[in-house]
Amino acid sequence: MDIHIARMTQKYAVEALCWKYEKPYDFYNNVLTTSAIVELLGGSYYAIVDPSYKLIGFFCTGRSAKIPAGERNAAYIEDCVDLGLGMNPVLTGKGHGDQFLKRILHFIELEYKGKPIRLTVASFNKRAIRLYEKNNFIKEHQFQYKGMEFITMRRNGTII
């Protein structure tokens with residue numbers, strides 16, 4: 001899968017917000033609203049596209065990648081690049097995750113040389129956790145938000 005990072009556009013934002021995941025991943029479904037589109041166009045989101053500019057997924061960095069309850073539970077004290085990501089549901093579970101994640105990590109490591117990368121994942125998402133562990137992320141903190149358990153995972157070093 002040949003993938004590239006592109007600027008988030010309104011077209012990509014609307015498409016990503018309309019994705020529908022199967023249970024139990026439907027937790028990641030979004031609602032298409034003006035404020036959701038504005039969030040994705042706010043500068044911290046990027047589109048992941050194939051050579052014909054078809055949307056494969058997206059990622060964000062910074063505050064947009066954090067869960068509010070993690071702030072209240074001291075999960076984000078260390079100085080890290082926070083990463084959030086999502087892949088088109090028609091591509092999930094088909095072996096594309098490793099290449100997808102590695103492309104994002106490469107971009108972040110070029111932008112934030114030497115800074116650790118942290119992500120937050122719902123603890124039920126064993127498939128994502130395995131992928132993150134395979135890419136040298138280590139579990140750090142656990143916290144609850146809206147009845148769901150989340151885990152922060154941190155990665156030191158580079159793959160460049």
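Would a scan of segment 125-137 turn up a residue that is under 23 Å from Ser44 (Cα atoms) and in contact (Cβ under 8 Å) with a residue 60 or more places away in the chain?
Among the residues of segment 125-137, not one is under 23 Å from Ser44 (Cα atoms) and in contact (Cβ under 8 Å) with a residue 60 or more places away in the chain, which makes the answer no.
Can you tell me which of (1) more than 19 Å from Arg154 (Cα to Cα); (2) out of contact with any Phe, Trp or Tyr (no Cβ under 9 Å at 6 or more places or on another chain); (3) among the aromatic types (Phe, Trp, Tyr) is the one Tyr112 doesn't meet?
Answer for Tyr112: the failing condition is (1).
Does segment 85-95 contain at least one residue that is within 12 Å of the chain's Cα centre (by Cα) and of a type in the set (D, E, K, R)?
no
Given the options Lys11, Lys20, name the one that is under 20 Å from Lys126 (Cα atoms), modelled with pLDDT of 95 or more and either part of a loop (DSSP other than H, G, I, E, B) or of a type in the set (D, E, K, R) (or both).
From the options Lys11, Lys20, the qualifying one is Lys20.
If you go through segment 65-72 one residue at a time, do you hit one that is modelled with pLDDT under 95 and open to solvent by less than 30 Å² (accessible area, probe 1.4 Å)?
So far as segment 65-72 goes, yes, one or more of its residues are modelled with pLDDT under 95 and open to solvent by less than 30 Å² (accessible area, probe 1.4 Å).
If a residue must be part of a helix (DSSP H, G or I), touching a strand residue (DSSP E or B) at 6+ places or on another chain (Cβ under 8 Å) and open to solvent by 10 Å² or more (accessible area, probe 1.4 Å), how many such residues does segment 74-108 contain?
3
Return the residues of segment 16-42 that are of a type outside the set (A, V, I, L, M) and within 23 Å of Lys102 (Cβ to Cβ); say none if nothing qualifies.
Across segment 16-42, the qualifying residues are Trp19, Tyr21, Tyr25, Tyr28.
With the condition kept exactly as written, say whether any residue in segment 138-152 is more than 21 Å from Phe27 (Cα to Cα) and either of a type in the set (Gly, Ala, Ser) or under 15 Å from the mean Cα position of the chain (by Cα) (or both).
Looking for residues that are more than 21 Å from Phe27 (Cα to Cα) and either of a type in the set (Gly, Ala, Ser) or under 15 Å from the mean Cα position of the chain (by Cα) (or both), one finds none in segment 138-152, hence no.
Could you list all residues from segment 16-52 that are over 11 Å from Pro89 (Cβ atoms), among the aromatic types (Phe, Trp, Tyr) and surrounded by 13 or more Cβ atoms within 10 Å (Cβ to Cβ)?
Passing the criteria: Tyr45, Tyr46.
The values are calculated or read from the model by the stated rules, or taken from the named source; none is laboratory data. These numbers come from a predicted model, not from an experiment. All Cβ positions, even for glycine, are placed from backbone atoms using ideal geometry, and neighbour counts span all protein chains on display. Please note that ligands, DNA and RNA were not included when accessible areas were found on the heavy atoms of the full protein model with its side chains. Shrake-Rupley method; radii C 1.70, N 1.55, O 1.52, S 1.80 Å.
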